[in-house]
């Protein structure tokens, strides 16, 4: 029996190592993602920043978010590498010092934004302007028990889902994880969306946290990562991100465009929802094209980002930690869409904080957290723009 168990463990390890080797050829690489700019260019960029453009009355309103970032960064190894891209090496200690200096400067920045150029080095995120999209925490009507009206479940993390930290094997894979399950003594990918939502892979295992009306709502909640559940008795709970099944995220909007069903221009959550509602016979096939699946836990506060801290609307951002680590301070300028249908879009020049991550956020792409509720759905769902983004780092003493 012991010999058989040892052989099974060896088979699992060999399968995992094989998958690790496959990942070697899949590492993201972008030529010169961080390029230092001149002091004069930094001064110009600093003068463009305006907290009011991102719905902040003053730069002082960054304080709470910065303190949350500081708590996360200060707990990292002092000499540990936060990011190393094309010769630009940033330690966690430098990120910590950057946040501390910005906190110290906040009372002066409304009158003296030039201090941002004097006290920090600016690194342009590129080589081309990053794609910026938006996300939010939706409100969903839900029930703690299933019924004919509420029959689509939100699931907790399954107990047979295993996660392997690839960074333990080599620093090159820091932050990468392999998600799998054991089947007949072998490591295999965890169940995808089709198996879970349409083939009952998790049914009857007591993993259901709540039920909602529409499977499309489940799908979009997975994309947003968190949401607020409103129960029939008037009570509320947050459905908070707990983990995912390890499958690659596939954009449904891209699938619809590639199949010639909708034009890519003007693609949004609203447009996709309307298409799915008008074509119920295609919902199973279309939703199944995205095998990525998110699991939740319930909480009384939210939403939280990947650093485990509450997100700040119009400030928090999701980034790829390989390029812009959690805790990064980012100056950005972007042309934002209208807040609601029929209104006008406007440029936003502000400071964002990297406090979240996501399966679809890779390379230099940035996802801008817009807040909670139905009133921000239109705004978040229509952000798809190229943004001028700079990483700010405290100047190092010569």
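Overview of values
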| item | result |
| --- | --- |
| Among residues of the range 149-193, those that are touching a helix residue (DSSP H, G or I) at 6+ places or on another chain (Cβ under 7 Å) and assigned to a loop (DSSP other than H, G, I, E, B), counted | 5 |
| Sole residue being within 30 Å of residue 220 (Cα to Cα) and not assigned by TED's automatic domain parsing to the domain that holds residue 314, chosen from 146, 130 | 146 |
| Among the candidates 53, 58, 38, 69, residue that is touching a helix residue (DSSP H, G or I) at 6+ places or on another chain (Cβ under 9 Å), modelled with pLDDT of 90 or more and surrounded by fewer than 18 Cβ atoms within 10 Å (Cβ to Cβ) | 58 |
| Residue that is farthest from residue 155 (Cα to Cα), among those in the range 201-245 that are in a strand (DSSP E or B) and touching a helix residue (DSSP H, G or I) at 6+ places or on another chain (Cβ under 7 Å) | 227 |
| Qualifying residue in the range 246-257 (condition: in contact with a strand residue (DSSP E or B) (Cβ under 6 Å, 6 or more places away or on another chain) and part of a loop (DSSP other than H, G, I, E, B)) | yes |
| Filter result for residue 202 (in contact with a strand residue (DSSP E or B) (Cβ under 7 Å, 6 or more places away or on another chain), crowded, with 16+ Cβ neighbours inside 10 Å and without any contact (Cβ under 8 Å) to a residue 60 or more places away in the chain) | yes |
| In the range 362-381, the residues that are in a loop (DSSP other than H, G, I, E, B) and either surrounded by fewer than 23 Cβ atoms within 10 Å (Cβ to Cβ) or not assigned by TED's automatic domain parsing to the domain that holds residue 334 (or both) | 362, 363, 365, 373 |
| Residue in the range 186-197 that is loosely packed, with under 15 Cβ neighbours inside 10 Å and either free of Cβ contacts under 8 Å to residues at least 60 places away in the same chain or assigned by TED's automatic domain parsing to the domain that holds residue 269 (or both) present | yes |
| Filter result for residue 351 (touching a strand residue (DSSP E or B) at 6+ places or on another chain (Cβ under 6 Å) and either free of Cβ contacts under 8 Å to residues at least 24 places away in the same chain or over 16 Å from residue 56 (Cα atoms) (or both)) | no |
| Matching residues, the range 258-297, being part of a loop (DSSP other than H, G, I, E, B) and either closer than 15 Å to residue 194 by Cβ or not assigned by TED's automatic domain parsing to the domain that holds residue 227 (or both) | 289, 290, 291, 292, 293 |
| Residues located in the range 81-129, provided they are touching a helix residue (DSSP H, G or I) at 6+ places or on another chain (Cβ under 9 Å), part of a loop (DSSP other than H, G, I, E, B) and surrounded by fewer than 17 Cβ atoms within 10 Å (Cβ to Cβ) | 110, 112, 114 |
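The values are calculated or read from the model by the stated rules, or taken from the named source; none is laboratory data. All of these numbers come straight from a predicted model, not from anything done at the bench. As a convention, Cβ positions derive from the backbone with ideal geometry for all residues, glycine included, and neighbour counts pool all protein chains shown.
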